[in-house]
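The values are calculated or read from the model by the stated rules, or taken from the named source; none is laboratory data. Predicted model, so just to flag it, every value in this text is computed and none were measured. In this analysis, Cβ positions are derived from the backbone assuming ideal geometry, glycine residues included, and neighbour counts consider all displayed protein chains. To get the accessible areas, we keep the full protein, side chains included, count just its heavy atoms, and leave off ligands, DNA and RNA. Shrake-Rupley method; radii C 1.70, N 1.55, O 1.52, S 1.80 Å.
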Amino acid sequence: QLQLVESGGGLVQPGGSLRLSCAASGSTLDYHAIGWFRQAPGKEREGVSCISSSGGSTSYADSVKGRFTISRDNAKNTVYLQMNSLKPEDTAIYYCAGARTCGNILGFGSWGPGTQVTVSS
């Protein structure tokens, strides 16, 4: 079964950048769409971005469009989330999860343990 682990989080100043990684094991990543989600204290988990199994289709939440870029390297069994122009409201625990497609948020499973992103001066 697909197992995912996130990494790359940390503390950055507003306007800074981070690249998160979602590494897979137990199964090859190329059969799965991968979504990035985040949860801030006191808020519900929200979808951030998703990439299709082929990498040919991507989607983004309105709050991150133009600032975040999702990509995948199936040879490395890894999906990335490049985060630029970070804002304090981006502070959250970021999770990745797998699905057959990006079309149904209820279809995501195999959640990773998450990585903390903190944007503060």
* **In region 58-72, residue surrounded by the fewest Cβ atoms within 10 Å (Cβ to Cβ) [restricted to those that are on the phi < 0 side of the Ramachandran plot and part of a loop (DSSP other than H, G, I, E, B)]** => Asp62
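Here is a check on your reading of the model: is Ser21 open to solvent by less than 40 Å² (accessible area, probe 1.4 Å) and small (Gly, Ala, Ser)?
yes
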* Asked: From the set of residues in region 24-45 that are more than 11 Å from the chain's Cα centre (by Cα) and within 18 Å of Gln82 (Cα to Cα), which is least open to solvent (accessible area, probe 1.4 Å)?
  -> Ala33
